[in-house]
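Since the structure comes first, as structure tokens, the remarks are kept for the end.
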Amino acid sequence: MPKKPKKIRVLLAKPGLDGHDRGIKVIAAAFRDAGMEVIYTGLRQTPEMIVDAAVQEDVDAVGISILSGAHMTLFPAILDEMKRRGADEILLFGGGIIPDEDIEELEKMGVARLFTPGAPTDDVINYLRKAVEAKKSDEEVM
Amino acid sequence: MYDKEHIEELNARLKDWDVEAEKQRAHKSLPRFFTVSGVDIDELYTPAAIDGGDDKEYYWTNIGLPGHFPYTRGVHHTMYRGRLWTMRQFAGMGTPAQTHDRFVYILKQGGTGLSTAFDLPTLMGYDSDHSRSLGEVGKCGVAVDTMADMEIIFDKIDLAKVSTSMTINSPASMLLAMYLAVAEKQGVPFDQVRGTLQNDILKEYIAQKEYIFPPRPSVRLITDMMDYCTKHVPQYNTISISGYHIREAGATAVQELAFTLADGFQYIESAIEDGQDVDDFAPRLSYFFNAHSDFFEEIAKYRAARRIFAKRMRDKYGAKNPKSWLLRFHTQTAGCSLTAQQPENNIVRVALQALSGVLGGTQSLHTNSMDETLALPSEKAVTIALRTQQVIAYETGVANTVDPLGGSWFVEALTDKMEAEAEKIFAEIDERGGVFECIEQGYFQREIARSAYAYQREIEKKERIIVGVNDFVIENEKIDIPILKIDYESERSQAEFCKKIKAERDNAKVQAALEKLRVAASGTENTFPAILDCARAYASVGEMCDVLRDVWGEWNESKSAMQVS
Amino acid sequence: MTLLERFELGDIRALSRLISHIENRDTDFQKLLGRLYRRAGRSIRIGVTGPPGAGKSTLVNSLARLCLDDSQSVGIIAVDPTSPFTGGALLGDRVRMGDFPTDGSVFFRSMATRGASGGLASATDNVAILYDAFGFDITLIETVGVGQVELDIIDTCDIVVVVIVPESGDAVQMLKAGLMEIADVYCMNKADRPGAERLVADLRNTLQTQAMVRASATSEGKLSAHHHTLAGSEDSDATVPIIQTEAVNNKNIDTLHKAIFDHLKKIRESGFFEQDRRRRLRKKILSILSNRFQAEFVNGLASEDELDRAIDQIASGQSNPYDISAQLFEHFLNRN
């Protein structure tokens, strides 16, 4: 039997206090329609909650939406928490109103990819598929 | 309005005309013409397109005269000839001291209206020294923790002479209480205090999601405040019922119209249930709508809103004072319509949207800055936005006559359509058990998410063209917009100031006041006097909200709210 | 270290990785479960089912909190539907979670049905075994809740809570829907709403009538004792408890919690608990066998070509699906 491509599991979360969830809900629906399993955690997630959820759900990637301008605080906090929990092989990507120079700095820190307003959902889907496929795992089960 | 024979003849001639037009239609490449909201638009509108237009009473029941029931043409007789709309530009500033400086500047320039935006921690009821506030203090608005911050903001500003609007919802009672406490300290009697609160919590559950407590106790907080203000602060507009955020979250024009009016009716019903007289509070209700890009649809939306509201207030809620029938509204151009690509194009979008607000009869208007999808707006962009309004007001001549589009067959037919579609949504809300039930079931949230997703898919499939985004694109575009840098130092100093006040105030007094609030919230007495005492004692927004969180619990969106289809 | 070794040391990440292996039916996943099985058997499984919008997520989370208060660790499985068209799923049960401790005392996994139709995913039972082996005292399982009766829950859980709301209809409708048969405890949520009192009274009446009918039928040997009603039970008060709650306002969840654990005590004392677990094991073995049979043999019953030819014969009127199937089966038996 030909092996089916692995089902992509992705966690979408909104950290911080901002409640504008239009973008993240559109992305959630687009990912679902692209055949992915989308775990949506809802609003106001702390970095601890996000990483805890990502670990428990064993997702391939975590997507974050920030529109409040707190991205330089929140993305690094999530990266740190991922390292602390030994979950830094999970891909962290995001979207929001983020100036170019901040994008550069965040990507240097380890955020895999940042999308800005107007990015077509197809671009995000294609990016995610490729990035997940490129991930390698050498873990042994038993 | 039109004579039956005339309509019959028109219909007969339209048949022949249609045969001729058919020859030209063959060239058409677009399969469907529809508004931003997906409402289908006919090729041609004539008197025959107006449903019931052959009824003699149609004009009087549906259109009427400006300043007369049902106010379709406007709430005042003379509209902008008497006074232009208020050009109100809402802006946020970091610290209380910076906000104070800006207010002093505005007042020196002859302004009398002050507009306050708060930062997210304040909006969500967290103090600046709370761990959840990290990275968000003083962004998107000013941080107010205790009355001490309010004293800095309004230092030496005579609160009897200014009108202050505060864009705040969940903790609105706390902020108004702090404002009143400052007025009291200045010796200004409460009945001279003027201003407006947004204080529309229902749209938070539906769209903007800045909620703290569950819906029912939250609305009680509002009716308590309405009651207190009717008796003691009669010049304060306690609530501005907002569709803006509903639209921004992805709703269609019809959904914006219907959901917003439904919210308003819910507040009215809750206040009536609370034992208040509709004519005591209704004249101080106002609305806040979005101006999106579909020009005529927006105009029809405003006209329909006035008509629906007037009819319901008079006929359903039994309001006798004509002032209770008036739907007055503020308009803001659609932030969600702005593009990060070719941002200068946004100036044009904003101008057209603002024009629709004016032609729709708005009482006040905020025009967005072109760079808002990139970062916080720069000064230059803010100035262009204001100049846009001034060009409309002084150069275009659209303010010379009242409701210039009234009587346009298209606009009247679309206004009727908006009303009919909104009525269908009201029926659906009733069917589902009312506004609270719909929020709890996630009905509004789900419908909005669906509309937002459908809109996005239309853009991606190019069924809808957004200039610079999915057509007329500049490859490798270089954005030439200055970006405002954010200052992180003010966050630290604000958190320290908050700690300092908490250490220096009379904490026994604070505890006693908070306890009084707990008792009021647990029972049925009006919560506002207790909140006022907390504010006077320098209790913080976070401390007051914590008491209420403890009594009422915290709200979280239901799962059903997120299902898109 | 292998995942299994890390799992045995209590590594949460290893647990969650192994769940994925089981969900994805990766090679040797049954061998893995076999290795872990000896560690399982202690966890109590509580299933929560009911119509959409009944408040299941909120109830599950409130119940989890009460278990945590009793120093019990909790594993939660929440199931949402997979779209049959795209294969994708939007899993939203975490939205209601709120602030759970992140110290490992509670573990939450969202699962998509991936084609299963009984209200759970086909891997749910296996994942629950994994939870059990990991050491969670309580396993809470929430079904999809799309409206139809979701029967998988009774073959997966020790105790089934059926959540209803005043809008669920009347007791007769629930009887028809089969909800009466599967509940160990009823939770009448949103009990502050109009219609709740009436529905509870209505339901109570129907349940009593049903219990009487069943008792007499059982004594006459006409009807075998159903699922959770112990055969030959002397307990005349065997009707299902109905607990009225307001999950959103956190009202009466403690009563529901108590009713669940009272029921647990009762079925443990009566021996039904063990009896039901044996019934489920029997089903489990048959289910593994039938899956294996399906995988190894059924696909070999007929090749695509043979099927195409058979369909041609039916289409041209020379045969019919029944005769064709009989022939193919005969052919298969001869071949083996």
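Looking across the stretch C:23-47 at every residue that is among the β-branched types (V, I, T) and modelled with pLDDT of 95 or more, the one that is nearest to C:I77 (Cα to Cα) is identified as C:I46. Scanning the stretch B:348-377 for residues that are more than 23 Å from B:A300 (Cα to Cα) and in contact (Cβ under 8 Å) with a residue 40 or more places away in the chain yields B:M370, B:D371, B:L374, B:A375, B:L376, B:P377. Among the residues of the stretch A:113-133, those that are more than 30 Å from B:S337 (Cα to Cα) and open to solvent by less than 70 Å² (accessible area, probe 1.4 Å) comprise A:A131, A:V132.
Under the condition of being open to solvent by 50 Å² or more (accessible area, probe 1.4 Å), modelled with pLDDT under 85 and more than 14 Å from chain B (Cβ to nearest Cβ), the residues counted in the stretch C:235-262 number 3. For the stretch B:354-372, the set of residues classified as open to solvent by 20 Å² or more (accessible area, probe 1.4 Å) and either assigned to a loop (DSSP other than H, G, I, E, B) or at pLDDT below 95 (or both) consists of B:Q363, B:M370, B:E372, listed by residue number. Note on the stretch A:1-112: enclosed helices (runs of 4 or more DSSP H) holding 1 or more residues that are within 24 Å of B:Q445 (Cβ to Cβ) and open to solvent by 20 Å² or more (accessible area, probe 1.4 Å) are A:22-33, A:47-57.
Close contacts from the stretch B:392-409, counting a first residue that is part of a loop (DSSP other than H, G, I, E, B) and a second that is aromatic (F, W, Y), with Cβ to Cβ under 7 Å and a gap of 6+ residues or different chains, come to B:A399/B:Y80. Going through the stretch B:383-421 one residue at a time, which ones are surrounded by fewer than 19 Cβ atoms within 10 Å (Cβ to Cβ) and in contact with a Ser or Thr (Cβ under 6 Å, 6 or more places away or on another chain)? Within the stretch B:383-421, just B:W409 meets the criteria.
Scanning the stretch A:1-17 for residues that are in contact with a strand residue (DSSP E or B) (Cβ under 7 Å, 6 or more places away or on another chain), within 11 Å of chain B (Cβ to nearest Cβ) and not basic (K, R) turns up A:L12, A:P15, A:G16.
Scanning the stretch C:90-103 for residues that are open to solvent by 10 Å² or more (accessible area, probe 1.4 Å), facing chain A (nearest Cβ under 9 Å) and either assigned to a strand (DSSP E or B) or not charged (D, E, K, R) (or both) yields a total of 3. Determine whether C:V48 is open to solvent by less than 10 Å² (accessible area, probe 1.4 Å), part of a helix (DSSP H, G or I) and in contact with a strand residue (DSSP E or B) (Cβ under 9 Å, 6 or more places away or on another chain). Here the answer is no, as C:V48 does not meet what is asked.
Residues of the stretch B:69-96 that are assigned to a helix (DSSP H, G or I) and buried (at least 16 other Cβ atoms within 10 Å of the Cβ): B:M79, B:Y80, B:P96. Only one of the listed residues (B:K509, B:K499, B:K462, B:K424) is within 14 Å of chain A (Cβ to nearest Cβ), open to solvent by 90 Å² or more (accessible area, probe 1.4 Å) and not hydroxyl-bearing (S, T, Y). That residue is B:K462.
Within the stretch C:2-36, the residues that satisfy the criterion of being in a helix (DSSP H, G or I) and farther than 20 Å from C:M111 by Cβ are C:L4, C:E5, C:R6, C:E8, C:K31, C:G34, C:R35. Count of the stretch C:178-218 residues, restricted to those that are small (G, A, S), farther than 17 Å from C:P241 by Cβ and touching a helix residue (DSSP H, G or I) at 6+ places or on another chain (Cβ under 9 Å), is 2.
Here's the yes/no breakdown for (1) touching a residue at least 60 places away in the same chain (Cβ under 8 Å); (2) crowded, with 23+ Cβ neighbours inside 10 Å:
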residue: C:S83; (1), (2): no, no
residue: C:G88; (1), (2): no, no
residue: C:M111; (1), (2): yes, yes
residue: C:S117; (1), (2): no, no
residue: C:F134; (1), (2): yes, yes
residue: C:D152; (1), (2): no, yes
residue: C:V163; (1), (2): yes, yes
residue: C:I182; (1), (2): yes, no
residue: C:C187; (1), (2): yes, yes
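Listed here are the residues, each with its yes/no results for (1) touching a residue at least 12 places away in the same chain (Cβ under 8 Å); (2) assigned by TED's automatic domain parsing to the domain that holds C:N126; (3) surrounded by 16 or more Cβ atoms within 10 Å (Cβ to Cβ).
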| site | (1), (2), (3) |
| --- | --- |
| C:L15 | yes, yes, yes |
| C:S20 | no, yes, yes |
| C:T27 | no, yes, no |
| C:I44 | yes, yes, yes |
| C:L59 | yes, yes, yes |
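Considering (1) within 30 Å of B:E151 (Cα to Cα); (2) within 10 Å of chain A (Cβ to nearest Cβ); (3) touching a residue at least 12 places away in the same chain (Cβ under 8 Å), the lone condition that B:I479 does not fulfil carries the number (1).
The set of residues in the stretch B:95-124 that are basic (K, R) and touching a Leu at 6+ places or on another chain (Cβ under 6 Å) is empty. Regarding the stretch B:176-195, can at least one residue be identified that is more than 14 Å from chain A (Cβ to nearest Cβ), buried (at least 24 other Cβ atoms within 10 Å of the Cβ) and not aliphatic (A, V, I, L, M)? Within the stretch B:176-195 (the criterion being more than 14 Å from chain A (Cβ to nearest Cβ), buried (at least 24 other Cβ atoms within 10 Å of the Cβ) and not aliphatic (A, V, I, L, M)), the answer is yes, since at least one residue qualifies.
Has the stretch C:138-150 got at least one residue that is at pLDDT 95 or above and either open to solvent by 10 Å² or more (accessible area, probe 1.4 Å) or at the interface with chain A (Cβ under 9 Å from one of its Cβ atoms) (or both)? Taking every residue of the stretch C:138-150 in turn, none turns out to be at pLDDT 95 or above and either open to solvent by 10 Å² or more (accessible area, probe 1.4 Å) or at the interface with chain A (Cβ under 9 Å from one of its Cβ atoms) (or both). Residue under question is C:S71, and the condition is that it be assigned by TED's automatic domain parsing to the domain that holds C:V160, open to solvent by less than 50 Å² (accessible area, probe 1.4 Å) and free of Cβ contacts under 8 Å to residues at least 12 places away in the same chain; does it hold? Considered against the rule, which asks whether it is assigned by TED's automatic domain parsing to the domain that holds C:V160, open to solvent by less than 50 Å² (accessible area, probe 1.4 Å) and free of Cβ contacts under 8 Å to residues at least 12 places away in the same chain, C:S71 comes out as no.
The values are calculated or read from the model by the stated rules, or taken from the named source; none is laboratory data. All values derive from a computational prediction rather than experimental measurement. Using ideal geometry, Cβ is built from the backbone for each residue, glycine included, and neighbour counts are taken over all protein chains shown. SASA here: full protein model, heavy atoms, side chains in, ligands and nucleic acids out. Shrake-Rupley method; radii C 1.70, N 1.55, O 1.52, S 1.80 Å.
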